[in-house]
Every structure is written in structure tokens, then in C-alpha cells.
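Q: Here it is, the structure in full.
Readers should treat all values here as calculations from the given coordinates under stated rules, not as data from a laboratory. Being a predicted model, the structure only gives us computed values, none of them experimental. All Cβ positions, even for glycine, are placed from backbone atoms using ideal geometry, and neighbour counts span all protein chains on display.
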Amino acid sequence: MRVHPFIEAEKQGGRNVKRACELPKVSRAAFYARRRSALGPRAVRDGHLAARIAEVHQHSRGTYGAPRIHALLQR
């Protein structure tokens, strides 16, 4: 379970970060360290892939679905 998005949502909603961290037993220091850190390599690759998928979909004028986009990206 990914708890950091939950804690971030609580923070954005103006609620207590300390309490949001206590519920899933996450330290506030770990939450803030993760928040400051750069994206990992997997997240960077996923971002590039998502951009490429959007580009292919837009180029097809929205007609290509997942199977065609997957086949095109495999080539």
C-alpha cells in the first residue's frame, strides 16, 4: 500500500500531517524526505512512456487503442 499519496492529500486538505503519519505508522521525517527526493528511475521511464503513448494516440486522432499502440511501440 502506498501511503505517501494519502498523507500528501491530508496535508493539501489542511489536515494534521502528524496524525496522518501515525495511522499507517510512517515517520514524518520519512514522509518529508520522500517528498523532497527526486523521482526514481522507474518513475522517469514511466513518464517517458506515458508521453510517447499520448503522442501516438494523438497522432492517430484518437482512433488507436491499447492493442495498436502496444504493437506500434514494440516496432
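Q: Using the count of nearby Cβ atoms within 10 Å as a rough guide to exposure, how do E22, E8 rank from fewest to most?
A: E22, E8
Q: Restricting to DSSP H runs of at least four residues, report the calculated mean residue ellipticity at 222 nm for the chain, -39500 (n - 2.57) per run over all residues, nearest 500 deg cm²/dmol. Walk me through the intermediate numbers first.
A: Working: 5 runs with 52 residues, N = 75.
My calculation for the chain gives -20500 deg cm²/dmol from helical runs alone.
Q: Okay, next question. Putting +1 on Lys and Arg Cβ atoms and -1 on Asp and Glu Cβ atoms, find which of N16, L39, H70 reaches farthest to the positive end of the dipole of the chain.
A: N16
Q: Using a Gaussian network model of the chain whose springs link C-alpha atoms within less than 10 Å, name the residue from R35, R61, R45 with the highest mean-square fluctuation.
A: Answer for the Gaussian network model of the chain: R61.
Q: Taking just the alpha carbons, could you work out the radius of gyration and Dmax for the chain, both in angstroms?
A: In Å, with Rg to one decimal and Dmax whole: 18.3, 49.
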